[in-house]
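The values are calculated or read from the model by the stated rules, or taken from the named source; none is laboratory data. Keep in mind that what you see is a predicted model, and the values were worked out from it rather than measured. Because the Cβ atoms are built from the backbone with ideal geometry, glycine has one as well, and the counts that use them run over all protein chains shown.
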Amino acid sequence: MNYAGNRDSQPKKLKTVMKTPLSNNAGIILEKRYLKKDKDGKATETPEDMFTRVAKHIASADSLFDSPFDVKKTEKNFYPF
């Protein structure tokens with residue numbers, strides 16, 4: 001993934017098909033710290049994959065307290081895309 005930009009200018013939104021726009025700096029931070037990586041340290045998921053993964057895990061915690069709980073529905077509350 002390429003998030004490199006001119007550091008002297010204002011951060012620009014990534015021109016991708018992402019439903020959640022990110023600045024170049026946000027993309028760099030996500031790639032370095034939060035995206036899943038393979039054994040060589042290369043990102044194996046996109047920022048959208050990460051947002052979906054996190055929303056799913058947050059929503060799944062509610063199923064521990066409410067057995068007929070709809071995880072998918074609550075996941076959409078955290079990340080509606």
Total residues in region 60-81, condition surrounded by 15 or more Cβ atoms within 10 Å (Cβ to Cβ) and closer than 25 Å to G27 by Cβ
2
Unmet requirement for K32, which otherwise passes all of (1) exposed (fewer than 13 other Cβ atoms within 10 Å of the Cβ); (2) assigned to a loop (DSSP other than H, G, I, E, B)
(2)
Filter region 49-78 down to residues that are of a type in the set (S, T, Y), at pLDDT 80 or above and in contact with a Phe, Trp or Tyr (Cβ under 7 Å, 6 or more places away or on another chain), then give me how many there are.
1
